[in-house]
1. Has segment 344-352 got any residue that is outside any loop (DSSP other than H, G, I, E, B), crowded, with 20+ Cβ neighbours inside 10 Å and in contact with a helix residue (DSSP H, G or I) (Cβ under 6 Å, 6 or more places away or on another chain)?
2. Residues 133, 104: which one is over 39 Å from the mean Cα position of the chain (by Cα) and modelled with pLDDT of 95 or more?
3. Being assigned by the TED database to the domain that holds residue 237, closer than 27 Å to residue 238 by Cβ and either outside any loop (DSSP other than H, G, I, E, B) or in contact (Cβ under 8 Å) with a residue 12 or more places away in the chain (or both) narrows it down to one residue among 157, 192; which is it?
4. Does residue 248 satisfy being over 18 Å from the mean Cα position of the chain (by Cα), surrounded by 13 or more Cβ atoms within 10 Å (Cβ to Cβ) and in contact (Cβ under 8 Å) with a residue 40 or more places away in the chain?
5. Being within 37 Å of the chain's Cα centre (by Cα), surrounded by fewer than 16 Cβ atoms within 10 Å (Cβ to Cβ) and either outside the structural domain of residue 226 (by the TED database) or within 22 Å of residue 139 (Cβ to Cβ) (or both) narrows it down to one of 47, 113, 71, so name that one.
6. Sort out which residues of segment 320-343 are surrounded by fewer than 21 Cβ atoms within 10 Å (Cβ to Cβ) and assigned to a loop (DSSP other than H, G, I, E, B), and write them in order of number.
7. What tally of residues in segment 74-87 results from selecting those that are over 35 Å from the mean Cα position of the chain (by Cα) and either more than 28 Å from residue 150 (Cα to Cα) or loosely packed, with under 15 Cβ neighbours inside 10 Å (or both)?
8. Residue 309 - would you say it is within 19 Å of residue 338 (Cβ to Cβ) and in a strand (DSSP E or B)?
């Protein structure tokens, strides 16, 4: 009996001694071979692959950390920052592990039930997590297993990497982001990408791009030395959602995210003035016999009906407001818009002006004999599916007439009495104005919802109904063709896809033609007018 008691007490004593030794933070380990292992603490950089129910995702660059727990090299904590799966951030994984060493290889393992504070992590509840791995000569290979009962999924994380020296670069920048034009898929990109490093954004525009086009873009990306980027440079990237996050990982594992976004999907409607159609107009002051025909560019309207109205009263034969011309330099048909000398005459209910500026516009003509500026109904129905109109560009050539005429206010009553005015400021110039304005309902008969050339609230450019507008004015070009580009500004109201709009482009050979000022003989040629829309 005494012998049995002796052996029992001896076993208890050994057990107490063993646990006391393992928990003694002041132990230098020299008396216990189990705690004397190589120090594997440090940062390891490598490739991490997350598999969900044995379906692996693409490898990503990752840094994991191993730190000693206390002073013993046999007890460590493994940390994986910002762990995510299924595109959702879970949180930081930290699992305590025990380290053993055999024949120069350190093995570590541990397990812990983890909970997380991120919104997605909280939904997952408690996650039983296990860690197993080896380190040999600074190379690490490990596996993390996570059981996600809430989703009935098993998540495996495989990691292979190398121990870092501590001298690695921490710079993680995108230095350039371009689209190689030799890549066919990149043909829809219409602007140079702009990198904002401070905000971590990249913006570029595309043109007439479908969703299928946007799924195949191939950016060329230059990053900091020894850094990596994901998605990788020169690989197909799907931009059909409008933006993609690129993650740059520096040599030391620090990272930075850039959001590359399509700032606009532009579509272009080209008006090349190659197709002209015949139009007839019967004047108010005259019967059917006074009807005259002329040509107009398809889709546009002109001031030519106004010339027909004058024909029976003054000699303006063949002096059309807008004409078709062939131009060798443009190698195409172009539109000539010209200011004419319409003589000036007081005709009972109306006044025929001395100066009539040529007008080419989107809209309609409805003769108003008592208020000629109300005859031009500027603006056509706008197709909201095209997106927001952001610019109008094209080509022009201009020459000013010799003698400039002005009249006094009120202009509509004194336009027939315009007189020649001299001075440096009285040299004719043209204007091209663009506007997008709101309307409640479209009047397709009388076009009474249209804004006109009248002043103030009725004016297609000045009315409070205008939400976007732009203008380009210039003088003589010495016979040379030049390019113009008008950007529309949207001060105040923004573009609303549910709102009804009319859209107007008005080309005038005399910029002050609405005051009946200008120089007869002024000529504006235009060609290839394009409207650029952005979605």
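The values are calculated or read from the model by the stated rules, or taken from the named source; none is laboratory data. Quick caveat: nothing in here was measured; it's all calculated off a predicted structure. When we count neighbours, we look across all protein chains shown, and the Cβ atoms used for this are built from the backbone with ideal geometry, even at glycine.
1. Yes, that holds for at least one residue.
2. Values: 104 fails: modelled with pLDDT of 95 or more.
Residue meeting the stated conditions: 133.
3. Details: 157 fails: assigned by the TED database to the domain that holds residue 237.
The conditions single out 192.
4. yes
5. Details: 113 fails: within 37 Å of the chain's Cα centre (by Cα); 71 fails: within 37 Å of the chain's Cα centre (by Cα).
Answer to the check: 47.
6. 328, 329, 330, 331, 343 - these are the residues of segment 320-343 that are surrounded by fewer than 21 Cβ atoms within 10 Å (Cβ to Cβ) and assigned to a loop (DSSP other than H, G, I, E, B).
7. Of all residues in segment 74-87, those over 35 Å from the mean Cα position of the chain (by Cα) come to 74-80.
Still in the running and either more than 28 Å from residue 150 (Cα to Cα) or loosely packed, with under 15 Cβ neighbours inside 10 Å (or both): 74-76.
Here the count works out to 3.
8. Values: within 19 Å of residue 338 (Cβ to Cβ): yes; in a strand (DSSP E or B): no.
No; evaluated as a whole, the condition is false for this residue.
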